[in-house]
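A.B. asks: One structure is given below, represented as structure tokens, and several questions about it will come after.
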Amino acid sequence: MKIGDRLKKIRRIKGLSQQELADHSGVKRSTVAKIERDDQRPPLDFLISFATLCNMTLDDLIDINNEDEETSYVEEEKPSYGGGASKEFNVFQSIQDLANSQDPFEKTAISQKLTRAIGELMEENAKLKTELIEWLKSGKS
């Protein structure tokens, strides 16, 4: 789903008119209409204002976590392959997606997804390192 469609859907779910959103965000109603039609990219201050009004985070507003497949702005998740390599594959795939994307919103979403995946790998690595040190200290071989 395109960002304009997503924002329109959220606005309607929250029971807001375009004018109410415009008044709260400090833009004209016609600007809200253009954003919802994807004729204009939403400025960051507009997105922050919209998210605040709707009691949402920016991540939730643009759905960078891709949890709601019907309303996701980010492309469908790439398949992950089992075992320990799945996270590494997802990092590699995200790097490829980032390199191929021309859309700044998508690039931001992919970058944040990539940051989370790398963080998870670093945590997993630290945990394995700790376990290995403990195993070596125990004298079991």
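The values are calculated or read from the model by the stated rules, or taken from the named source; none is laboratory data. No experiment lies behind these values; they were computed from the predicted model shown. Cβ placement follows ideal geometry from the backbone for every residue including glycine, while neighbour counts extend to all protein chains displayed.
A quick yes/no check of all residues on (1) modelled with pLDDT of 90 or more; (2) out of contact with any Lys or Arg (no Cβ under 7 Å at 6 or more places or on another chain); (3) outside the structural domain of GLU106 (by TED's automatic domain parsing); (4) surrounded by 15 or more Cβ atoms within 10 Å (Cβ to Cβ):
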residue	(1), (2), (3), (4)
LEU7	yes, yes, yes, yes
ILE13	no, yes, yes, no
VAL27	yes, yes, yes, yes
GLU36	yes, no, yes, yes
PRO43	no, yes, yes, no
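A.B. asks: Here's a follow-up. If you check SER94, SER111, which single one turns out to be modelled with pLDDT under 70, under 27 Å from ARG41 (Cβ atoms) and touching a Ser or Thr at 6+ places or on another chain (Cβ under 9 Å)?
C.D. replies: SER94
A.B. asks: Something else about it: Looking for something within 13 Å of the chain's Cα centre (by Cα) and in contact (Cβ under 8 Å) with a residue 40 or more places away in the chain - is there at least one such residue anywhere in the stretch 116-125?
C.D. replies: No, there is no match, as no residue in the stretch 116-125 is within 13 Å of the chain's Cα centre (by Cα) and in contact (Cβ under 8 Å) with a residue 40 or more places away in the chain.
A.B. asks: Confirm whether THR130 is surrounded by 14 or more Cβ atoms within 10 Å (Cβ to Cβ) and either of a type in the set (Phe, Trp, Tyr) or at pLDDT 80 or above (or both).
C.D. replies: For THR130, the condition - surrounded by 14 or more Cβ atoms within 10 Å (Cβ to Cβ) and either of a type in the set (Phe, Trp, Tyr) or at pLDDT 80 or above (or both) - is not met.
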